[in-house]
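What follows is a single structure, written as structure tokens, with notes after it.
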Amino acid sequence: MRGFLRILLGASLVFAGVSHLTVARDEFQAQVPPQVPLDPDTTVVASGVVEIALGSALALAPMPLRRTVGSVAAAFFVAIFPGNIAQWWYRRDGFGLDTEAKRFGRLFFQPVLVAWAWWSTRR
């Protein structure tokens, strides 16, 4: 089960990363906090590249590296959490999160991603 969930998370990250670079670029910009010193599009592209790399690593890393990759993925999910807070705080629509309740509810999914990355890469 852990292996399946690790690969599923990896595939989801690759999909999200590709979406950052293509069809959902504008949507992802809603999550870039105004305090980020980079242009929102640059931030979205950079985070998309990181997501593709992390997703690939989660799915393909050999056993000795999986714990490290899982820790890095969990840290990444923590690092991007301020983007979810910014989307809620500044009332920015994106990905169907068009009400305060939906944007607020989304905040509770991020800890699930952290736990998923951590748990799925442990034996």
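Once you reduce segment 5-31 and segment 67-123 to the center of their Cα atoms, the two points are 12 Å from each other.
In this rough spin-label picture, where each label sits 7 Å from Cα along the Cβ direction, the Val18-Phe104 distance is 3.6 nm. With the helix formula -39500 (n - 2.57) applied to DSSP H stretches of n ≥ 4, the chain reaches a computed 222 nm mean residue ellipticity of -23500 deg cm²/dmol. Any idea which of Pro37, Ala117, Phe95 is furthest toward the positive side of the dipole for the chain, if Lys and Arg beta-carbons carry +1 and Asp and Glu beta-carbons -1? Result: Ala117, furthest along the dipole toward the positive end. Binning the C-alpha pair distances of the chain at 10 Å intervals from 0 yields a P(r) profile of 14, 43, 33, 10, 0 %, listed from the shortest bin outward.
Remark: spin-label model distance Leu60-Ile7 equals 1.5 nm, labels positioned 7 Å along the Cα→Cβ axis. Computed from the C-beta positions of Arg123 and Phe95, the FRET efficiency with R₀ = 30 Å rounds to 0.30.
For segment 1-102, which trypsin sites (Lys or Arg not before Pro) pass both filters: DSSP loop (anything but H, G, I, E, B) and at most 15 other C-beta atoms within 10 Å?
Values: sites: Arg2, Arg6, Arg25, Arg66, Arg67, Arg91, Arg92, Lys102; in loops: Arg91, Arg92.
Those that pass, being in a loop and sparsely packed, are Arg91.
Placing +1 on the Cβ of every Lys and Arg and -1 on the Cβ of every Asp and Glu, with no other charges, gives the chain a dipole of roughly 720 debye about its Cα centre.
Computed from the coordinates by the stated procedures, all read-outs in this text should not be read as laboratory data. Remember, it's a predicted structure, so these values are computed and weren't measured experimentally. Virtual Cβ from ideal backbone geometry, glycine too; neighbours counted across all protein chains shown.
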